[in-house]
1. Show the residue pairs that are 6+ apart or on different chains and have beta-carbon atoms under 9 Å apart, the first residue being within the stretch 239-250 and part of a loop (DSSP other than H, G, I, E, B), the second being β-branched (Val, Ile, Thr).
2. Is it the case that Gln315 is surrounded by 18 or more Cβ atoms within 10 Å (Cβ to Cβ), free of Cβ contacts under 8 Å to residues at least 12 places away in the same chain and assigned by TED's automatic domain parsing to the domain that holds Pro100?
3. For residues in the stretch 214-250 being among the β-branched types (Val, Ile, Thr) and modelled with pLDDT of 95 or more, which is farthest from His278 (Cα to Cα)?
4. Being crowded, with 16+ Cβ neighbours inside 10 Å, under 30 Å from Glu132 (Cα atoms), out of contact with any helix residue (DSSP H, G or I) (no Cβ under 8 Å at 6 or more places or on another chain) and in the same structural domain as Val44 (by TED's automatic domain parsing), is that true of even one residue in the stretch 208-230?
5. Condition check: assigned to a helix (DSSP H, G or I), surrounded by 14 or more Cβ atoms within 10 Å (Cβ to Cβ), touching an Asp or Glu at 6+ places or on another chain (Cβ under 9 Å) and among the acidic types (Asp, Glu). Does Glu132 satisfy that?
6. Can you tell me which residue within the stretch 147-167, out of those that are at pLDDT below 90 and part of a helix (DSSP H, G or I), is surrounded by the most Cβ atoms within 10 Å (Cβ to Cβ)?
7. Are there any pairs with C-beta distances below 7 angstrom linking a residue in the stretch 69-85 that is assigned by TED's automatic domain parsing to the domain that holds Arg46 to a residue that is of a type in the set (Asp, Glu), with the two at least 6 apart or on different chains, and if so which?
8. Would you mind stating whether Ala25 is in a helix (DSSP H, G or I) and in the same structural domain as Ile303 (by TED's automatic domain parsing)?
Amino acid sequence: MAKDLWTVNAIALVGPTASGKTAAAMAIAQQWPVEIISIDSALVYRGMDIGTAKPTAQELAQVPHHLINIRDPLHAYSAAEFARDATALMADIRARGKLPLLVGGTMLYLKALRDGIDDLPTAHPQLRAEIEQQALILGWPSMHAELTKVDPITAARLPPHDAQRISRALEVWRVSGKALSQWFAEANTTRVAQPALNMPLLSLEPENRAWLHERITQRFNQMLTSGFLAEVRALRARGDLHIDLPSMRCVGYRQAWELLDRAETTDAPVKSILPQLHALGVAATRQLAKRQLTWLRGMDERIVIPCDAPDTLVQTLAALARFTATTL
């Protein structure tokens, strides 16, 4: 296959959760020589398959996939790491004469890749563990109050129970003596423009929001039928994971973990939490989709494809064909 087939560096196929990105990506892979790079902060974790709607083993075997199953749930994966890894992968894929197809809905990852990311202090696991231990004793609202004293700008935009972001902001302060907001302010005045990345965005978005809500409900039903609760119980049984880890804060997993905690406290049968898990999981997933759509609608350059149209796949393939230098 000629290396100059494509007039772009890569294609990004984005959209809210449950919009059909995996099916569209597989249809593209049947028509063009692509390798898929996942833009999904949940798919990086091993052992979290059902609740993340991870591509099936058959789908993973049909076309090369990257940045899936690369982390144990105990270890975080950052937007900066994604930007670094995706950039290297795109170069490798292009060198093989194929097109990098980035697929997913973690918009922070996409932003980091396209715009760069601030050069913040690296993670400090021991210090983070100390902060989390302190939070177990005092509670996250107290940690938020501490953050307000040292970094009122960051604290003002974080809710008192946002453990992950409060922890990171306190970690940055304690390791560097400089507020996170100050790091951002200084970066905005000194950042060098990133080289332009020729990566069109194909965005699957519903014309009828009710269609997406129904898809979310159906998919969560399927997750529960497929053993999602058993998957979460297996993760809990490891003994080294906890609810404040980024992996366990993923939509669905957090709700299941909290309900299992409550069931253990009250000696309630595990099956009794299924109706509530369904309601909470669907609501949380809808909120995630809403945030993703809000972010996407701020990207004026995106090419919108209605994911609830009867010919979504045809439109997707036609949109991608615009970026070929030749006709296959």
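1. Cys250/Thr52
2. Numbers: surrounded by 18 or more Cβ atoms within 10 Å (Cβ to Cβ): yes; free of Cβ contacts under 8 Å to residues at least 12 places away in the same chain: yes; assigned by TED's automatic domain parsing to the domain that holds Pro100: yes.
Judged against the criteria, Gln315 is a match.
3. So, considering only residues that are among the β-branched types (Val, Ile, Thr) and modelled with pLDDT of 95 or more, the one farthest from His278 (Cα to Cα) is Val232.
4. No, there is no match, as no residue in the stretch 208-230 is crowded, with 16+ Cβ neighbours inside 10 Å, under 30 Å from Glu132 (Cα atoms), out of contact with any helix residue (DSSP H, G or I) (no Cβ under 8 Å at 6 or more places or on another chain) and in the same structural domain as Val44 (by TED's automatic domain parsing).
5. It is true that Glu132 is assigned to a helix (DSSP H, G or I), surrounded by 14 or more Cβ atoms within 10 Å (Cβ to Cβ), touching an Asp or Glu at 6+ places or on another chain (Cβ under 9 Å) and among the acidic types (Asp, Glu).
6. Ala163
7. Pairs that qualify, where the first residue is assigned by TED's automatic domain parsing to the domain that holds Arg46 and the partner is of a type in the set (Asp, Glu), are Leu74/Asp240.
8. Working: in a helix (DSSP H, G or I): yes; in the same structural domain as Ile303 (by TED's automatic domain parsing): yes.
Against the criterion (in a helix (DSSP H, G or I) and in the same structural domain as Ile303 (by TED's automatic domain parsing)), Ala25 qualifies.
The values are calculated or read from the model by the stated rules, or taken from the named source; none is laboratory data. Keep in mind it's a predicted model, so treat the numbers as computed, not measured. With ideal geometry, Cβ positions are generated from the backbone for all residues, glycine too; neighbour counts draw on all protein chains shown.
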